[in-house]
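Before any comments, here is the structure.
The values are calculated or read from the model by the stated rules, or taken from the named source; none is laboratory data. The model shown is predicted, which means the values in this text are computed figures rather than measured ones. Neighbour counts run over all protein chains shown; Cβ positions are idealised from the backbone, glycine included.
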Amino acid sequence: MIDLLNPIIKSHKIKVSTGLNIHYLEASIDHLTKNKQPTILLLHGFPELSFSWRKIMPDLAKEGFRVLAPDMRGYGLTTGGSSSFESAISEYRLLNLSTDIIALLSALNLKYIDLLVGHDAGSSVAAISSIIRPDIFKSVVMMSAPYTGAPDINLDLSIEDPIHKDLSKLDPPRKHYQWYYSTPEANKDMHLKKDDLHKFLRSYYHMKSADWSQNKPYELKSWTAENLGEMPEYYIMKLNQNMVQAVMPHFPKNNNYEKWLNDKELEVYTNSFLRTTFQPALNWYRCNTSHNQNNDLKVFSNKKIEVPSCFIAGEKDWGIFQKPGAIEKMEKILCANYCGRHIIENAGHWVQQEKPNEVIKTLLDFYKNK
């Protein structure tokens with residue numbers, strides 16, 4: 001991995017108070033005093049790594065920032081998280097993931113972060129962190145996944161969402177990928193031999209990128225089976241298929257991906273998930289689909305993000321709309337100091353890898369003008 005990184009990026013490990021030995025990447029200009037540099041913290045999503053930020057870290061460092069990007073709990077070279085389906089998954093609930101980040105800052109003797117950025121599942125961790133510790137996280141950027149708010153204090157957990165039964169009645173029958181990822185079969189399905197795992201990841205990244213011509217997202221009307229069924233099958237899967245079967249037929253026939261994720265770079269992900277399996281990462285989904293794992297966040301029900309915030313996504317990313325109404329709720333209700341929606345042209349879900357220059361400019365503009 002190191003040989004694929006700009007020399008300005010260094011790799012470190014540090015033990016933190018939550019029991020993890022966290023691997024993180026760091027980029028900064030050596031002659032600048034670290035405790036006087038504004039600090040950016042970058043949180044990756046699924047199935048990603050700290051490596052996913054490699055394209056934007058050097059330029060942000062050259063702008064005078066200290067830039068940190070950890071492998072999150074259950075990912076990459078970070079160790080200490082449980083890795084089986086049978087183990088207790090509460091350590092992967094959002095509040096604990098946020099605590100991991102605060103513990104990392106404490107271990108690094110950092111009192112606060114000037115700019116917190118989260119992509120995909122990391123977006124939720126970033127949003128919650130900014131809500132519970134605005135004294136630490138001075139501004140926040142959510143990428144690709146709109147923040148949907150802390151659980152409603154009045155939510156009745158005994159009521160089962162009928163969406164799954166309704167999806168199964170579609171023609172053809174369908175299922176939601178997040179609930180599939182929460183099953184014991186998901187990791188077994190995706191934990192392939194190296195060559196096949198490489199092809200699976202290539203197909204998965206391809207289908208969620210701007211390179212896949214069928215990514216033409218639009219706002220869905222409501223949380224109903226009929227509306228959700230309009231999304232691609234990597235979100236709303238065929239009921240009788242697993243994720244490998246859903247994406248492998250769309251393995252790219254050209255090498256468009258070379259411009260943003262070449263095979264040597266992809267091999268970093270392949271080797272990582274070959275080693276760790278997907279189960280620790282899938283435990284994040286199990287917490288999010290659980291009725292009670294994130295119940296401790298009910299204390300923040302209806303609490304807004306008070307620090308300056310914005311949203312960044314690729315124009316060809318279905319993640320913006322996968323939860324109907326979520327982006328409008330985030331912008332109009334959940335963010336008190338919202339600085340805008342920034343949609344990057346000709347980018348898909350992996351926006352910071354597909355269009356790094358545009359993301360860098362957007363982050364810098366937000367930081368300067370917030």
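The figures follow:
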quantity: Selection within segment 94-116 - within 14 Å of the chain's Cα centre (by Cα) and either modelled with pLDDT under 95 or within 22 Å of residue 283 (Cα to Cα) (or both); calculated: 94, 97, 98
quantity: Subset of segment 67-87 that is within 22 Å of residue 115 (Cα to Cα) and either at pLDDT below 95 or not β-branched (Val, Ile, Thr) (or both) - its residue that is farthest from the chain's Cα centre (by Cα); calculated: 68
quantity: Failed condition for residue 270, given (1) out of contact with any Lys or Arg (no Cβ under 7 Å at 6 or more places or on another chain); (2) not assigned by TED's automatic domain parsing to the domain that holds residue 49; calculated: (1)
quantity: Criterion violated by residue 235 - all others in (1) under 27 Å from residue 77 (Cβ atoms); (2) modelled with pLDDT of 95 or more; (3) aromatic (Phe, Trp, Tyr) satisfied; calculated: (1)
quantity: Counted residues, segment 76-90 - those being out of contact with any helix residue (DSSP H, G or I) (no Cβ under 6 Å at 6 or more places or on another chain) and crowded, with 22+ Cβ neighbours inside 10 Å; calculated: 1
quantity: Elements of type strands (runs of 3 or more DSSP E) in segment 1-50, at least 2 residues being of a type outside the set (Val, Ile, Thr), touching a residue at least 24 places away in the same chain (Cβ under 8 Å) and buried (at least 22 other Cβ atoms within 10 Å of the Cβ); calculated: 21-27, 39-43
quantity: Scope segment 284-315; condition assigned to a helix (DSSP H, G or I) and either farther than 25 Å from residue 348 by Cα or out of contact with any helix residue (DSSP H, G or I) (no Cβ under 6 Å at 6 or more places or on another chain) (or both); matching residues; calculated: 286, 287, 288, 295, 296, 297, 298, 299, 300
quantity: Subset of segment 280-295 that is in contact with a Phe, Trp or Tyr (Cβ under 6 Å, 6 or more places away or on another chain) and of a type outside the set (A, V, I, L, M, F, W, C) - its residue that is surrounded by the fewest Cβ atoms within 10 Å (Cβ to Cβ); calculated: 289
quantity: Single unsatisfied condition, residue 193 versus (1) more than 30 Å from residue 86 (Cα to Cα); (2) free of Cβ contacts under 8 Å to residues at least 60 places away in the same chain; (3) surrounded by fewer than 14 Cβ atoms within 10 Å (Cβ to Cβ); calculated: (1)
quantity: Residue among 158, 209 that alone is polar (S, T, N, Q), in a loop (DSSP other than H, G, I, E, B), within 27 Å of residue 260 (Cβ to Cβ) and out of contact with any Pro (no Cβ under 7 Å at 6 or more places or on another chain); calculated: 209
